[in-house]
Amino acid sequence: MCWLPIIGSMTVIRRPLVLGAKGTLGGQLMRLYPEAVGWDREDVDVLDAAALRARLDGLGFVPDAVVNCVAFNDVDGAEERPELALALNAEFPGRLAQWTKERGVPLVHYSTNYVFDGACGEYQEAAPPAPLSSYGRSKWRGEQLVMENGGRCYVVRTAVIFGPKGKSELSKKSFVDIMVELAAKRDTIQAVADEVNSVTYAVDLAANTRNLLEAAPVAGIYHMTNSGGASWCDFAREIYRIMGKNTTVLPVPSSHFPRKAKRPARAVLLNTKLPPLRPWQEALADFLMS
């Protein structure tokens, strides 16, 4: 994986506060930061503004950084519960950004390629968002509130995260997990071929989040995914190729699997501010062969 260049002197980050510490990404951050304080849903109700502030004020120390991995990431569920998606993906991060600004603490907040509509196919950091779904709109609003309310804030857009499953019961299975399970049950599967996304290994995302905090560049929006893009069909075929499986993957259009939320046809995040991460195929092989 690539490391960020040193900008001036390195910022030492030893004891961050990680929110969503038992998820897939949060778990990798906790592994990288042995001295970190990690909170999950049983530790604080992030939607209770007063309780959240009291918990933050009661930490007993000022963390070196705050990394927010909490999100409402049920893309289709957000169509039925847009208020909850907005509360978790926008209003809470906005309040968190305000607290970190008051304490002079850097904040990393993760967003998504689903803030884009897919019309342009590939998107640099400054591209204007145009989300198609309630989920995408909630994440875009979160970006806005974090940048408006915060100080040294890093909005890190990423996409299609896979890696070791988090400890939380609510930690979702990744696409890789699902494909591995299906291969044990079926000789043939169908996968969508007309939706293309960036792909991200949680281990690489966590490591490069650490690098970002230590390099301490200017606040703003950053794209952090493994290099390249893939359709779900491409992704599935590469999983089985690496595994040595003979599972047949049949390409189908997205209309074959009706879903409540509209997705962008092609939303590949272009990283123009940071050194590129390794190709997603290489990261996937590391995960599957480990």
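Of note:
- The lone exception for V12 - which of (1) out of contact with any helix residue (DSSP H, G or I) (no Cβ under 6 Å at 6 or more places or on another chain); (2) among the aliphatic types (A, V, I, L, M); (3) open to solvent by 30 Å² or more (accessible area, probe 1.4 Å); (4) at pLDDT 95 or above it fails: (4)
- Filtered residues of the range 258-271 (kept if touching a residue at least 12 places away in the same chain (Cβ under 8 Å) and either open to solvent by 80 Å² or more (accessible area, probe 1.4 Å) or in contact with a Leu (Cβ under 8 Å, 6 or more places away or on another chain) (or both)): R259, K260, A261, K262, R263, P264, R266, N271
- Residue match in the range 128-141 (condition: touching a Pro at 6+ places or on another chain (Cβ under 6 Å), under 30 Å from D57 (Cβ atoms) and among the basic types (K, R)): no
- Those residues of the range 11-56 which are assigned to a loop (DSSP other than H, G, I, E, B), among the hydrophobic types (A, V, I, L, M, F, W, C) and farther than 17 Å from K165 by Cβ, in sequence order: V12, I13, A36, V44, V46, L47
- Hey, E83 without any contact (Cβ under 8 Å) to a residue 24 or more places away in the chain and closer than 23 Å to P16 by Cα or not: no
- Residues of the range 127-142 satisfying the condition of being open to solvent by 10 Å² or more (accessible area, probe 1.4 Å) and outside any loop (DSSP other than H, G, I, E, B): S134, Y135, R137, W140, R141
- R41 being basic (K, R), under 18 Å from the mean Cα position of the chain (by Cα) and buried (at least 19 other Cβ atoms within 10 Å of the Cβ): no
- Q124 passes every criterion in (1) of a type in the set (S, T, N, Q); (2) more than 13 Å from L269 (Cβ to Cβ); (3) open to solvent by 50 Å² or more (accessible area, probe 1.4 Å) apart from (2).
- Candidates A21, A50 - the one that is within 20 Å of T100 (Cα to Cα), surrounded by fewer than 18 Cβ atoms within 10 Å (Cβ to Cβ) and modelled with pLDDT of 95 or more: A50
- Counted residues, the range 244-264 - those being of a type in the set (A, V, I, L, M, F, W, C) and touching a helix residue (DSSP H, G or I) at 6+ places or on another chain (Cβ under 6 Å): 2
- Matching residues in the range 240-290 - criterion: being under 21 Å from D117 (Cα atoms), under 21 Å from the mean Cα position of the chain (by Cα) and among the small types (G, A, S): A261, A265, A267
The values are calculated or read from the model by the stated rules, or taken from the named source; none is laboratory data. Here the structure is a predicted model, which means the values were calculated and not measured. Neighbour counts are summed over all protein chains in view; Cβ atoms, including those assigned to glycine, are modelled from backbone coordinates with ideal geometry. The protein model used for the area step is the full one, side chains on, heavy atoms only, and it has no ligands, DNA or RNA in it. Shrake-Rupley method; radii C 1.70, N 1.55, O 1.52, S 1.80 Å.
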